[in-house]
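Read through the structure below, which is laid out as structure tokens, and then see the notes.
The values are calculated or read from the model by the stated rules, or taken from the named source; none is laboratory data. Remember, predicted model here, so these are calculated numbers, not experimental data. Positions of Cβ are generated from backbone atoms using ideal geometry, with glycine treated the same way; all protein chains shown enter the neighbour counts. Heads up: the accessible areas ignore ligands, DNA and RNA and are worked out on the full protein's heavy atoms, side chains in. Shrake-Rupley method; radii C 1.70, N 1.55, O 1.52, S 1.80 Å.
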Amino acid sequence: MTAAIEFRDVSRVYGDVRAVDHVSLQIGSGEFFAMLGPSGSGKTTCLRLVAGFDIPDNGYILLDGKDVTGLPPYERDVNTVFQDYALFPHMSVLENVAYGLRVRKVARVEQQRRAMEMLELVKLGALAQRRPSQLSGGQRQRVSLARALINRPRVLLLDEPLGALDLKLREEMQIELKNLQRQLAITFVFVTHDQGEALSMADRVAVFNHGRLEQLDSPRTLYTRPATEFVARFVGSANVAGRELARQLTGIAQPFAVRAEKIRIQPASRPPAPGAIHCDGKLVDIQYHGATSRCHVQLAGGEMFAASVSHQADLEHTAIGAPVTLHWSADDAVPLVGDSG
Amino acid sequence: MRSDARSNRASWPTRLGALFGLAFLNLPVLVIILYAFTTDDRTYAFPLPGVTLHWFEAALARSDIWAAMRLSLGVAALATLFAIILGTLTALALARSRFWGREAITFVLILPIALPGIVTGIALLAAIKAAHVDPGFWTIVAGHTTFCTVIVYNNVVARLRRMPHNWIEASMDLGADGAQTFRYIVLPQMATALLAGGMLAFALSFDEIIVTLFTAGHDETLPIWFFNELFRPRERPITNVVAVIVMAVTLLPILLAYYLTRPAEEQT
């Protein structure tokens with residue numbers, strides 16, 4: 001089966017900056033795919049390369065097995081939901097949604113009918129005659145979605161689609177986007193800097209850093225088996241032990257990561273469980289998160305580790321500034337590749 | 001609150017100042033209008049010795065006035081048309097792209113308006129002579145097009161720079177090619193800027209005299225007609241009558257443009 005989107009050794013350089021650095025990846029048909037990374041990691045440039053707003057300096061981009069590397073945006077079967085929606089202010093909501101049909105010279109009646117259908121799909125039928133400036137942020141988002149879907153593209157690209165929405169709206173839209181994708185069976189590719197969003201929505205996630213693809217895996221694998229220090233820290237902010245600390249704790253100079261919820265914390269006076277990896281430190285801060293509390297512990301060497309505690313009883317005999325012992329099972333330590341000092 | 005209510009009203013020295021400013025700007029215009037109706041044909045005597053509509057009748061009978069008016073309107077219309085085409089194309093080319101020499105092009109482009117009109121005039125005259133072209137209607141149009149283009153360019157480029165680039169990307173993303181994107185997205189967005197630039201260009205061309213003197217040959221545009229008329233001692237109020245007519249004619253499009261551009265401003 002051919003991939004809906006394929007990157008073959010794609011690079012894009014702006015002056016001295018390698019915005020995208022030799023990226024190769026495949027996105028399957030019907031997949032809900034996330035590109036995750038901090039700002040400047042190259043994820044948005046990748047999206048723009050797929051849309052055709054930018055042309056790679058090196059490599060090829062294939063859509064459904066066809067080379068589209070140099071094609072202009074209007075010759076690609078791909079549509080985009082822009083971060084700030086990019087609605088046309090001089091057109092009504094209906095005209096915005098119908099635009100893709102209008103420029104393809106679809107009959108006027110047909111334009112109106114299908115645009116209304118699309119607006120109903122995103123539950124905005126009642127606002128068809130409004131101007132974009134008269135809508136709320138969430139409504140604009142839906143218009144932008146309807147406009148991008150009207151041409152029934154093979155692939156829908158979403159650039160930070162939920163970034164501008166408040167928390168409650170964002171959670172609603174997450175569910176709605178998932179439903180929409182299942183309903184339409186279109187490949188969705190969305191760019192985000194929010195690891196929670198990527199993990200909860202995507203089938204697979206590509207993690208970018210400095211223009212390079214760090215890891216491409218399912219959310220579960222990404223979280224439980226991060227391949228590099230960057231992924232371990234960026235996705236779920238794991239504790240990372242560098243080469244030196246690893247040697248002290250395990251005897252082997254192999255960097256590893258361990259999740260905060262896998263670390264147990266106890267007063268330094270009590271002996272640690274046998275067989276566990278353990279280290280001593282000082283409790284610096286406790287952040288209350290409701291179901292759990294996050295304890296920040298400074299190790300003897302100065303490194304900061306975080307332990308997530310769900311049973312408040314565990315914290316009863318510890319106060320801020322008190323010496324504590326952290327311990328975890330050797331199985332929960334994930335070895336990392338790459339230089340971590 | 002009391003202080004708020006008071007701050008909404010200007011203090012009396014401010015109001016007096018504003019009144020003086022308005023009077024300073026507009027009294028000379030009132031004088032022109034007033035002396036279009038005087039019975040005295042040589043001096044600006046005050047109070048008027050008598051009131052008459054005779055000069056309107058006399059102006060209507062003078063074919064040279066209407067020839068000058070037609071010439072000025074024709075030149076202004078064509079110069080504005082060419083300026084809109086050239087200015088818009090230049091603005092589209094320079095608004096987004098970055099290339100070596102872009103600043104230099106911008107500088108050379110605004111030169112006709114930065115230089116004194118007399119320099120532009122002499123330069124054009126020299127060029128016309130060198131090209132062995134007879135000065136006339138088309139040389140005036142060409143001369144006016146130089147500075148009118150700058151006006152249109154400045155208006156349009158400012159608007160284009162304020163326009164988010166992702167509107168163009170969104171349009172192309174949805175399947176519109178360059179021409180469709182221009183027609184459906186860019187043109188509606190810059191329409192009011194074009195209108196304002198065009199109006200200004202028209203007005204500038206309509207009362208331009210310096211560049212016209214060098215490029216006109218024997219043709220008499222309205223400003224040149226006014227200028228020549230000052231040296232004739234008789235029938236002085238006729239110039240005032242023509243000035244009143246010109247005012248009435250130019251006021252209409254100004255009010256129209258004001259009315260047309262208002263809702264567009266409210267949209268954004």
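Residue-wise test of (1) among the basic types (K, R); (2) loosely packed, with under 14 Cβ neighbours inside 10 Å; (3) in contact with a Phe, Trp or Tyr (Cβ under 6 Å, 6 or more places away or on another chain).
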| site | (1), (2), (3) |
| --- | --- |
| A:N239 | no, no, yes |
| A:L245 | no, no, no |
| A:I252 | no, yes, no |
| A:V258 | no, no, yes |
| A:E261 | no, no, no |
| A:P274 | no, yes, no |
Looking at A:L47, is it within 19 Å of the chain's Cα centre (by Cα), surrounded by fewer than 23 Cβ atoms within 10 Å (Cβ to Cβ), farther than 23 Å from B:A170 by Cα and in contact (Cβ under 8 Å) with a residue 24 or more places away in the chain? no
Residue ranges of helices (runs of 4 or more DSSP H) in the stretch A:53-167 with at least 2 members at pLDDT below 95, more than 14 Å from chain B (Cβ to nearest Cβ) and over 24 Å from B:T181 (Cβ atoms): A:108-121, A:137-149
Helices (runs of 4 or more DSSP H) contained entirely in the stretch A:188-278, each with at least 3 residues that are modelled with pLDDT of 90 or more: A:195-201, A:219-224, A:229-234
List the pairs whose first member sits in the stretch B:171-185 and is more than 8 Å from every other protein chain (Cβ to nearest Cβ), whose second member is part of a helix (DSSP H, G or I) and open to solvent by 50 Å² or more (accessible area, probe 1.4 Å), and whose Cβ atoms are under 9 Å apart, counting only residues at least 6 apart or on separate chains? B:G178/A:Y74; B:T181/A:Y74; B:F182/B:L92
Starting from residues that are charged (D, E, K, R) and over 19 Å from the mean Cα position of the chain (by Cα), keep the ones in the stretch B:204-247 and report whichever is nearest to B:A77 (Cα to Cα). B:D219
So if I check each of A:R212, A:R243, which one is within 14 Å of A:P335 (Cβ to Cβ) and not aliphatic (A, V, I, L, M)? A:R243
Outside any strand (DSSP E or B), open to solvent by less than 20 Å² (accessible area, probe 1.4 Å), of a type in the set (A, V, I, L, M) and touching a residue at least 12 places away in the same chain (Cβ under 8 Å): does that describe A:L25? no
Could you tell me which numbered condition B:S97 fails, if it satisfies all but one of (1) without any contact (Cβ under 8 Å) to a residue 60 or more places away in the chain; (2) open to solvent by 60 Å² or more (accessible area, probe 1.4 Å); (3) more than 16 Å from B:T221 (Cα to Cα)? (2)
Just one of the numbered conditions (1) farther than 23 Å from B:E208 by Cβ; (2) modelled with pLDDT of 85 or more; (3) not acidic (D, E) is not true of B:V51; which one? (2)
Restricted to the stretch B:117-136 and to residues being open to solvent by 30 Å² or more (accessible area, probe 1.4 Å) and in contact (Cβ under 8 Å) with a residue 40 or more places away in the chain, the residue farthest from B:H165 (Cα to Cα) is B:D134
Listed residues A:E176, A:E172; which is farther than 30 Å from A:Q298 by Cβ and open to solvent by 50 Å² or more (accessible area, probe 1.4 Å)? A:E172
Give just the number: which of (1) under 24 Å from the mean Cα position of the chain (by Cα); (2) in a loop (DSSP other than H, G, I, E, B) does B:I110 not satisfy? (2)
Restricted to the stretch B:32-63, and to residues that are touching a Phe, Trp or Tyr at 6+ places or on another chain (Cβ under 8 Å) and open to solvent by 90 Å² or more (accessible area, probe 1.4 Å), which residue is nearest to B:M247 (Cα to Cα)? B:L53
Test result for A:I265, hydrophobic (A, V, I, L, M, F, W, C), touching a residue at least 12 places away in the same chain (Cβ under 8 Å), in contact with a helix residue (DSSP H, G or I) (Cβ under 9 Å, 6 or more places away or on another chain) and farther than 27 Å from A:R225 by Cβ: no
Take B:F82 and decide whether it is touching a helix residue (DSSP H, G or I) at 6+ places or on another chain (Cβ under 7 Å), surrounded by 14 or more Cβ atoms within 10 Å (Cβ to Cβ) and over 30 Å from B:A158 (Cα atoms). no
Return yes when A:L87 is open to solvent by less than 10 Å² (accessible area, probe 1.4 Å) and within 19 Å of B:W167 (Cβ to Cβ) and no when it is not. no
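Kindly indicate whether A:A34 is open to solvent by less than 60 Å² (accessible area, probe 1.4 Å), assigned to a helix (DSSP H, G or I) and touching a residue at least 12 places away in the same chain (Cβ under 8 Å).
So A:A34 does not fit the description; no.
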Where A:Q141 falls short, out of the listed (1) surrounded by fewer than 16 Cβ atoms within 10 Å (Cβ to Cβ); (2) more than 14 Å from the chain's Cα centre (by Cα): (1)
Those residues that are open to solvent by less than 100 Å² (accessible area, probe 1.4 Å) and at pLDDT below 85, I need them from the stretch B:3-31; list them, please. B:S3, B:D4, B:A5, B:S7, B:A10
